[in-house]
2 protein chains.
Amino acid sequence: METYRNVMESEAARFSGSPAAQVINVLSTRWGVLTVEAVRDGNMRFNELQRHLCGISHKVLIDTLRALQRDGFIRGPLTDPRLTEYVLTPVGAELIELINEIRRWSEDRQGRLARARDEFDRGRD
Amino acid sequence: METYRNVMESEAARFSGSPAAQVINVLSTRWGVLTVEAVRDGNMRFNELQRHLCGISHKVLIDTLRALQRDGFIRGPLTDPRLTEYVLTPVGAELIELINEIRRWSEDRQGRLARARDEFDRGRD
DNA sequence: CTGTATCCGCGAGGATACTG
DNA sequence: CAGTATCCTCGCGGATACAG
């Protein structure tokens, strides 16, 4: 066990200790963003989520849900026995806004970013 | 070799293909943020950077610099022989703004985030 | 169905030696 | 000093079997 201090908690070294760590944890793990978005898309039970996130393994979904709950972005039966579904917390909803901002930022610079890669890769083959 | 397609390019699966991948790559790797910030703090040569980023290994700094250059956030001797120092690109400077926004976002919610963790951890020991 | 407990592969990050 | 080439470690993400 001891997973809840594992997944999403290499503690995003560069932000370690800082509050930003919890955000980076979500962004930087394999299924973090996908999972919060799945939860937002409709409060779901475990199996619905797993089907929604096609490809995620049983264990990894549990680990991810646990980490997201520990960081306060979702709530669900795993921590609160009264619940039957996973739901976004208010902070979780705000997190999605932040994620969307990052997406926008990237799309606004899509051209420049892509060009950088092309140039770099061209110089090297 | 083949590192430049390695470091920072597990291709941030959840954003794979999307332009946001390049941003997440920086955020999610051990030294990504620290390195762009070091480059901003003063255009430096390799060894100065390594001293500035105390603890980073030789190889990892090179890998990180290469990835940051590939993604267009910095430029330097590694890709451009005319340069002697590593410098931020315009997009790189904007990236730092984005990072600061994420920091602000987190600090604004610091209390709620910390409380979530405390509650979770308390419920489990 | 939901969560736990194991076992495993692979890749990022690190240590080190070698080359211009 | 800057960059390359190896080798190693450790932990995330995954597969699977088991338990309420």
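Every number here is computed from the coordinates shown, using simple stated rules; none is lab data. Predicted model only: the values in this text are computed from it and were never measured. Reconstructed Cβ throughout: ideal geometry from the backbone, glycine too, with neighbour counts over all protein chains shown.
Before moving on, here are some points about what is shown:
- Placing +1 on the Cβ of every Lys and Arg and -1 on the Cβ of every Asp and Glu, with nothing else charged, gives region A:21-125 a dipole about its Cα centre of roughly 220 debye.
- Sorting B:24-30, A:75-81 by their mean Cβ neighbour count within 10 Å, with the most densely packed peptide first, gives B:24-30, A:75-81.
- Between 0 and 90°, nearest 10: helix B:58-70 axis offset from chain B longest Cα axis: 90 degrees
- Amide H contacts under 5 Å for A:ILE74: A:GLN69, A:THR89, restricted to partners 5 or more places along the chain or on a different chain, H placed in the peptide plane at 1.01 Å from N.
- Based on the convex hull around the alpha carbon atoms, the protein assembly as shown presents an average projected area of 14.2 nm².
- Counting only other chain Cβ atoms within 10 Å of each residue's Cβ, the peptide A:78-91 averages 1.
- Radius of gyration and maximum dimension Dmax of region B:17-125, Cα, Å: 16.8, 58
- Shape call, region B:28-69: gyration tensor on alpha carbons, a/c limit 1.5: rounded
- Efficiency of FRET between A:ALA114 and B:ARG45 - r from beta-carbon atoms, R0 35 angstrom, step 0.05: 0.75
- Computed magnitude of the charge dipole of the protein assembly as shown (debye, nearest 20; Cβ of K, R +1, Cβ of D, E -1): 260 debye
- Projecting the Cα atoms of B:ALA116, A:SER57, A:VAL39 onto the dipole axis of the protein assembly as shown, where Lys and Arg carry +1 and Asp and Glu carry -1 at the beta carbon, places A:SER57 farthest toward the positive end.
- Separation of alpha-carbon centers, region A:97-120 and region B:45-115, rounded to whole Å: 16 Å
- Calculated mean residue ellipticity at 222 nm for chain A: -17500 deg cm²/dmol, from DSSP H runs with n ≥ 4 weighted as -39500 (n - 2.57), summed, divided by the residue count and rounded to 500.
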